[in-house]
Structures are given as structure tokens and as C-alpha cells.
Amino acid sequence: MAKPAVVLIGADKGGVGKTTVTRTMLDYFAAHQVRARAFDTEAPKGTLKRFHPGVTDVVDINLVPDQMKIFDTLSGDQAVTVIDVRAGLMSPTLRMLTDIGFLQAALEGQVTFVVFLILGPTIASLEEIAEIAGYLNDAKYFIVKNFINNARFFEWHEATHSAYFNRFKNAVEITIPKLNEMAMEQVDVASVPFVDFIGNKTPSGIRVPYSLVLRGYVHTWLTKVWAEYDRIGLAELVDSESDSDAVDRPHSIARTA
């Protein structure tokens, strides 16, 4: 990478599938041969580390030593840094990034800064957008509707919608479709990345007999999620050296049955 890249993933409340989005993103970067490291700020819980133990550290974003662990190690030769921000901590995290000079560095083009805000189904999600508007400047900003938990998004009045969304000239909405509940449950039970579940294997490469039907559901769903990331050019956004023609797509279940 020509310069460091940081992807911040957050939400105004829990239960909106924030960590699920982070997991799909780590799979996506691996498929695009973009090296990624992740920080799970749900200390001490560390849910993300259960699925991606090799690349994930658990930190408390409120603690200065942990902030140093993340931001003092940024480098153009490093992997993209993905930060799964604990629910409700997006605004405090952005204030911290202001205080340490990170947002100014992003504004000056020294780092690539990407923000994904996972919406909840109520007006509170739009208020979260308003709250963080003053921090983002020219950051690449994506607003995510995640249907993973059967969310029914409030049908905002057009004037209300515009009042919030127009605060960001370059804000882009993306959609994460719903995954079959049983398929999601079995991936969680297996404690593996989505691509490993599809490929019938553990992270160490051991072959295991996951359900062909459930693998099919996960494959179809993950393909749709990755199509959204392709649409916004995520790999190229965080890594100018990524090769979109050399992507290891989720294998067809016909090939892995």
C-alpha cells in the first residue's frame, strides 16, 4: 500500500450485526490478497477473535496503551487495519482520533480513512449520523443497512432522510442481505470464517462435513455481500496494489460438496 488504511466499523447500538459485517470484510480482503489485521474493541468479550484469531487482537479503545497498540503501528507496508468499534462508542472514538491528530492526517492525505456505520431500524441511527458529521471531513463514508437480524428499517420521510444524509457529500449506502437463520447459527457454532464454512474446512485446513444446504445459503449470501463491496471498490480503496482480477471467490458448492 502507498499509505496506511484504517477501516472503522461502528453502530449506535448493539444487535445490528456490526461484527458480522466485519467478518465478511476480513474474508473479502483475504480473497483479494489484501493483508488485514483487525482490532475488536469488545474487550474482554472479543467475539471477532473467535472467528478470525490469527489476525485479531482484543483491545479497549478507551485506554491509551491500546490506542497506541493500534495507531502507533500504522505503516504503508502494513496490512489494512480494521477496527470493530463497540456499540455506542463511535462518537467517542472519533473524538479520540481528533485528539491524537489522526483525522488531520487523514484530511492531509497521509492515511486512507474509511467509515462504515451500521444503521439500526429507528431514528436514533439517523441521529448518530448527525452526531458524527463534524468529524469525518473527507473520509470515505458508507451507511450500511444490515438485514442479518430481520431488521425492519424505519421508512424515513424524504425530508428527514435528506436532512441527515446530505451532511455527507460522498456518503454511500450499501445493503447487507439477510442470511438464513439456521445457516448463520451453524457458522457461529463452527466458529469459522464464512469462506471456510463454504469450503468445508476448519481454519487449519482440516476437511469437515458441513451441510451442503447450509453451505449453499452462506455461499449465495456472501457472494451478494461481496458484490456490494465490489460496487464501492473497497479493495482498491484501501490497497492500491490489490489485483481485482485475482480474486479467490467463494467456491461453488458443486466444487466443494
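The values are calculated or read from the model by the stated rules, or taken from the named source; none is laboratory data. No experiment lies behind these values; they were computed from the predicted model shown. No Cβ is skipped: glycine too gets one built from the backbone with ideal geometry, and neighbour counts run over all protein chains shown. The area values use the complete protein model at the heavy-atom level, side chains included, leaving out ligands, DNA and RNA. Shrake-Rupley method; radii C 1.70, N 1.55, O 1.52, S 1.80 Å.
The figures follow:
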{"quantity": "Cβ-Cβ under 8 Å pairs, at least 6 apart or on other chains, the range 214-235 side acidic (Asp, Glu), far side open to solvent by less than 10 Å² (accessible area, probe 1.4 Å)", "calculated": "Glu228/Ile174; Glu228/Ile176"}
{"quantity": "Conditions (1) open to solvent by 40 Å² or more (accessible area, probe 1.4 Å); (2) in a loop (DSSP other than H, G, I, E, B); (3) within 25 Å of Phe194 (Cβ to Cβ); (4) in contact with an Asp or Glu (Cβ under 8 Å, 6 or more places away or on another chain); number of the one not met by Gly15", "calculated": "(4)"}
{"quantity": "Hits in the range 181-209 - residues which are open to solvent by less than 30 Å² (accessible area, probe 1.4 Å) and farther than 14 Å from Phe51 by Cβ", "calculated": "Ala183, Gly199, Asn200"}
{"quantity": "From Ala105, Ala87, residue being buried (at least 17 other Cβ atoms within 10 Å of the Cβ), modelled with pLDDT under 90 and more than 29 Å from Thr223 (Cα to Cα)", "calculated": "Ala105"}
{"quantity": "Ile70 being crowded, with 19+ Cβ neighbours inside 10 Å and either farther than 18 Å from Pro193 by Cα or aromatic (Phe, Trp, Tyr) (or both)", "calculated": "no"}
{"quantity": "Test: residue in the range 53-64 that is open to solvent by less than 10 Å² (accessible area, probe 1.4 Å), farther than 17 Å from Met90 by Cβ and aliphatic (A, V, I, L, M)", "calculated": "no"}
{"quantity": "Hits in the range 29-48 (condition: buried (at least 23 other Cβ atoms within 10 Å of the Cβ), touching a residue at least 40 places away in the same chain (Cβ under 8 Å) and assigned to a helix (DSSP H, G or I))", "calculated": "Phe29"}
{"quantity": "Any hit, the range 60-82, residues being modelled with pLDDT of 70 or more, part of a helix (DSSP H, G or I) and of a type in the set (Val, Ile, Thr)", "calculated": "yes"}
{"quantity": "Subset of the range 21-67 [polar (S, T, N, Q) and within 18 Å of Ile232 (Cβ to Cβ)]", "calculated": "Thr22, Thr24"}
{"quantity": "Selected residue (only one of Arg255, Arg231, Arg249, Arg215 is under 19 Å from Pro193 (Cα atoms) and at pLDDT 85 or above)", "calculated": "Arg215"}
